[in-house]
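Written below as structure tokens is the structure these notes are about.
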Amino acid sequence: MENSQILTENQFLYERLYTKEEYFPRYPADWVIRFHNMYLKKHIPSGRVMDYGFGSGNNSVFFLEKGYETWGLETTNAAFPLLKANLESRNLDLTLIDRFSLMSPETTHLPYEDNFFDCIISNQVLYYLPSESHIQAICSEMLRCLRPGGCVFFTMMGLKNYYITHHAKAIHAGNIYEVTVEEPQNRLFGINQLIFVVRDESHLKQVFSAFECLTVGYFDQSMFDLTSNFHWIFVGQKP
């Protein structure tokens with residue numbers, strides 16, 4: 001499967017989910033809150049944050065409320081009404097939307113100056129890119145846009161995740177899996193995604209070798225039909 005096809009199929013899925021509000025997180029992810037409380041609050045208590053793949057803006061709004069200047073990038077216009085709704089629900093200035101931009105899913109260039117950001121986050125997003133080389137190209141751009149000493153926070157799907165163990169098949173070399181949920185009774189029925197999966201901790205560090213690794217971790221939850229939502233966490237910095 002061509003890289004462009006992987007990007008197009010994943011983009012189309014999220015356009016549908018955002019348009020129908022089938023995926024509309026209102027609150028920041030637990031692990032993003034912990035990252036702020038355990039690291040950012042002490043080491044980078046203010047500054048500029050970029051949310052790569054901001055989705056509904058749930059994590060972006062969290063950083064805005066903490067006083068950070070926050071920017072974001074997304075691949076579909078369908079995300080912007082959700083971002084607006086999350087800003088309105090927190091009584092935040094709607095002109096802040098001007099810092100959030102649309103990008104082509106195929107681009108490996110970021111529209112920011114060198115050394116512009118103090119922190120870049122990407123939560124449950126980078127694995128929708130079509131290859132390790134594409135992810136690393138984006139990371140090279142993030143490195144350029146990050147100030148020396150600035151940090152990154154990434155989450156990546158692992159092999160233990162129930163998407164992979166229960167609903168996926170490897171489609172070609174390069175750690176790409178096709179996830180299809182075909183059971184009508186499943187709450188995720190109709191989902192079809194192409195995902196780059198991180199094999200292990202060593203592979204995680206390899207993917208993000210552009211950055212100096214500060215820590216590696218993971219989150220994992222099990223409840224009802226969710227047997228595991230295992231994701232790796234990578235926190236790094238620009239030397």
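Taken together, the values in this text are just the output of simple stated rules run on the coordinates, not laboratory data. Just so it is clear, the structure is predicted and the values come from calculations on it, not from any experiment. Note that we place each Cβ from the backbone using ideal geometry, even for glycine, and neighbour counts take in every protein chain shown.
In terms of modelled amide H atoms, which long-range or inter-chain residues lie less than 5 Å from the amide H of Leu214?
Amide H neighbours of Leu214, under 5 Å, 5+ apart: Val235, Gly236, Gln237.
Comparing Asn115, Asn37, Asn58, which has the greatest mean-square fluctuation in the GNM of the chain with Cα pairs linked when under 10 Å apart?
Judging by the Gaussian network model, the answer is Asn37.
Taking the Cβ of Asp114 as the center, what net charge do the other residues with Cβ under 14 Å away carry, scoring Lys and Arg +1 and Asp and Glu -1?
Values: positive: Arg48, Arg144, Arg147, Lys238; negative: Glu113, Asp118, Glu141.
Value of the local net charge: +1.
Give, as a single signed number, the net charge of other residues whose beta carbon lies under 12 Å from the beta carbon of Val125, with Lys and Arg counted +1 and Asp and Glu -1.
Neighbourhood net charge equals -2.
Obtain the nm distance between the two label points defined at Ser101 and Asp200 by a simple spin-label model: each point lies 7 Å from its Cα along the Cα-to-C-beta direction.
About 4.0 nm, to one decimal.
Which far-off residues, 5 or more places away or on another chain, put their amide H under 5 Å from the one on Ile191, with H placed in the peptide plane?
Val181
Beyond a 32 Å Cα-Cα separation, which of these cross-linked pairs lie in this structure: Lys20/Lys42; Lys84/Lys169; Lys42/Lys205; Lys41/Lys169?
Lys20/Lys42; Lys84/Lys169; Lys41/Lys169
Would you work out the relative contact order for segment 91-239, in percent, from Cα pairs under 8 angstrom that are 6 or more residues apart?
25
Taking θ = phi - 60°, what integer Hz values does the Karplus form 6.51 cos²θ - 1.76 cosθ + 1.60 yield along segment 99-114, in sequence order, with x for Gly and Pro?
Going residue by residue, I get 8, 10, 10, 8, 9, 6, x, 8, 5, 10, 10, 9, x, 9, 6, 4 Hz, with x marking Gly and Pro.
Could you check what % of the DSSP bridge pairs in the chain are antiparallel, to the nearest 5?
Expressed as a percentage, antiparallel bridges in the chain total about 60.
All other residues with a Cβ under 11 Å from the Cβ of Phe219 taken together, and with Lys, Arg as +1 and Asp, Glu as -1, what is their net charge?
Summing Lys and Arg as +1 and Asp and Glu as -1 gives -1.
Would you work out the charge dipole size for the chain about its Cα centre, treating the Cβ of every Lys and Arg as +1 and the Cβ of every Asp and Glu as -1, and quote it to the nearest 20 debye?
Here the chain has a charge dipole of around 600 debye.
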